[in-house]
Structure formats: C-alpha cells, structure tokens
Amino acid sequence: MAQYKEYQYRDTSTTNIRPTTSPYYHRPRYDSTTRRDDTVRSKTPLPSTSRLQPSRTHGNQNLNPRTKVTPRDGERTEELYSWMIEQEFLGPKGKYSETERWVHGQKGLSDSKQRDERKKKWDNMFEEYEVQAAAWAAREEEVRRKAIEREMERTRLVREQMERIEERIRQKREAERQKIAEERKATNASERFRRERRVTETMSGDRAVVDTWKRYEARWAVITAPTSSTDLLGFRTIPWPQVQAPNCPSDISPYAITTFILSPLHSGGQSRKDRIRSALLRWHPDRFRRLLGRVAPRDRQAIEEGVGIVTRCLNDMMAREASVSAYHY
C-alpha cells in the first residue's frame, strides 16, 4: 500500500469529524494484481452537485473552489458516497478531491449523530431504569417496613396475651393457696372447737344424764301417785326414757333409750338386766293402760305409738341381755 499516502485532513466547517490516517472508512480490499493504473476511471460521471443548495446551519464545505453547497438530504450523500467507493475500487488516486473529503465528512457527521442518538437513547433508558429501580426499591422497603411493623405488632399482642394468661394463672394459684390456707385454718379451728365441745359435752352430758334421770324418776312417782289420778296427761308431760325430750313419736330413738337406761351415771346398785326389767314394768302395755284414761284425746294416738316403740326397744334389750348371759354361763 505504498502508493497510499497517509495523512490527516481537517475540515474547518465540521467539528465532529475525527482525524484518521485514511479518508476511507469502508475501503474495499484488493491486491496489487487487481489494481489498474491511475488513468483508468469509471465511466460513471461525477454526480452533479447543481441540486445542492447552501445551508444556513453548516459551515463552508466547498465542492469545488468556486461553489459552496451543502447537502439537504441523506439520499444525495449516499449517492456521492457510492460514486466515491466506485472510484476507489477502480484504483487509487494521487489526490483527493474536495467532493470526496466532503462525503467523508458527512459520513462521519452522520455516524456521530447516530452515536449521539444511541447514547442519548441508552442514557434515557438507563435513567428510566434507575428511576424505576429506585421506585421499586422504595416500594420494597415500604413493604418490608410494614411487614416488620406487623410482625412487631403481632409479637406485642402475643406477649400481652401471654402476660395476661400468666397473670390469671398467678392469681388463680394465689387464690387457691389462700383458699387452702383458710381451709386449713378453718379445719384447725373446727377441730379445736370440736375437741373443746366434746369436753364440754362430756361434762355437761354427764350432768344432763344425771339430772334427766332424777327428773324421770320424780315424774313417774308423781304420775303413779294416788293424789294425781285426776291430772290430764299429754305427750309432752309423759316422762319418756331418753335425755332429749321428744316432741312426736318419730323423735323416740331406740339408741337414746338404750344409752339412757343403761347409763353408768345412775342406778349404780342395779345390774343391766334389773334396769331393763324395772323399765318394762313401767312401760308394759297392760300396766300403762291404766294411765291412758287420763290422756288427752288429741294426744292418745301419739302416746300409744310412743309406748309401743319404748316397749319393743326394752324387749329387744332384754333379749340381748338374756343371750349374753346364756353365752357366759
């Protein structure tokens, strides 16, 4: 490629054209065998530049020394560029014309504009992406913040619920503890009261049994005395054989009769059998029938029923005593 002269050209009217070692951006490759001499040229004439009009927006780009023209559309530039490529393919020239330099300048200007447009498009795209990415990040941050707040609120509610449950459990345990303590205290007090009452009742019971037995014997003496044969008898005036005076026949208890008749607090000189026999002589229906004439009519039935309960109880006591005596004998 010795015949190609490397140089840099400069067009004062175009500032976007970058310097290069060759004015041909798209130069076809061919070797020395295919080249023709400098006198061979294409039969295609140089495209006419008569249609080119001056432009107010461009600087002076001389197509020839006397005419200042500037292309107004891209088709005219491509036509000139094609003609220039055809000339280059047919062989190198020793000197580049103003037209060729102008075409290369326009080509570089077009490429520069396209690059600027692409760069601007990509810049806009990246800027839009950054805006969208920032908005997306803000939304994600808001979602994350709300999720954290919801989790914290849920944790707080669960913690408060657990605290309330623990407080109820503590109060319940405290109430149960106090209840147990009060029950234990009441049990101790009740036990102490029962012990004291048993002692009191024992002392008063013994005295009551003795006093009741005295009244019992004295009342029977009055009833059976000849001077009281005209006195009217009622259910409450009959001296029943038990410590607690009954108000009706159902209050007469065989257990109360047995403990009263066989109490060791009275009749110390008599045996158990003698006490029972003496009581049967008083309460036997044939003997007690003499007193029924003095009973008030309203109490007659109740007194007869009570006498029957006492007589049966005394007969059972006598039978048990007889069986016990026979066993020991």
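Quick note: the coordinates plus some simple rules give every number you see, no bench work behind them. All values derive from a computational prediction rather than experimental measurement. No Cβ is skipped: glycine too gets one built from the backbone with ideal geometry, and neighbour counts run over all protein chains shown.
The residue 227 and residue 323 beta-carbon pair, evaluated with R₀ = 35 Å, returns a calculated FRET efficiency of approximately 0.25.
Scalar couplings 3J(HN,Hα) for the range 133-150, obtained by applying the Karplus form with A = 6.51, B = -1.76, C = 1.60 to θ = phi - 60°, are 5, 5, 5, 5, 5, 5, 5, 4, 5, 5, 4, 5, 5, 5, 5, 5, 5, 4 Hz; x denotes Gly and Pro. Cβ crowding within 10 Å, taken as a proxy for footprinting-reagent exposure, orders 300, 282 from fewest neighbours to most as 300, 282.
Neighbour counts of other Cβ atoms within 10 Å put 318, 162 in the fewest-to-most order 162, 318. Arranged from fewest to most other beta-carbon atoms within 10 Å of their beta carbon, 112, 190 become 190, 112.
For the range 138-159, backbone nitrogen atoms closer than 20 Å to the point 7 Å from residue 165 Cα along Cα-to-C-beta are found at 151-159.
Summing charges over all other residues whose Cβ lies under 11 Å from the Cβ of residue 123, with Lys and Arg as +1 and Asp and Glu as -1, gives -1. Size of the range 115-220 from its Cα atoms: along the principal axes, largest to smallest, the extents are 145, 23, 7 Å. Other residues whose C-beta falls under 13 angstrom from the C-beta of residue 305 contribute a net charge of -1, scoring Lys and Arg +1 and Asp and Glu -1.
At q = 0.12, 0.14, 0.26 Å⁻¹ the log10 of I(q)/I(0) for the range 265-329 amounts to -0.40, -0.52, -1.09, computed by Debye summation with a single uniform scatterer per C-alpha, solvent ignored. Listed values for the range 271-278 are Karplus-derived 3J(HN,Hα) couplings in whole Hz (6.51 cos²θ - 1.76 cosθ + 1.60, θ = phi - 60°), namely 7, 4, 5, 5, 5, 5, 5, 5, and x replaces Gly and Pro.
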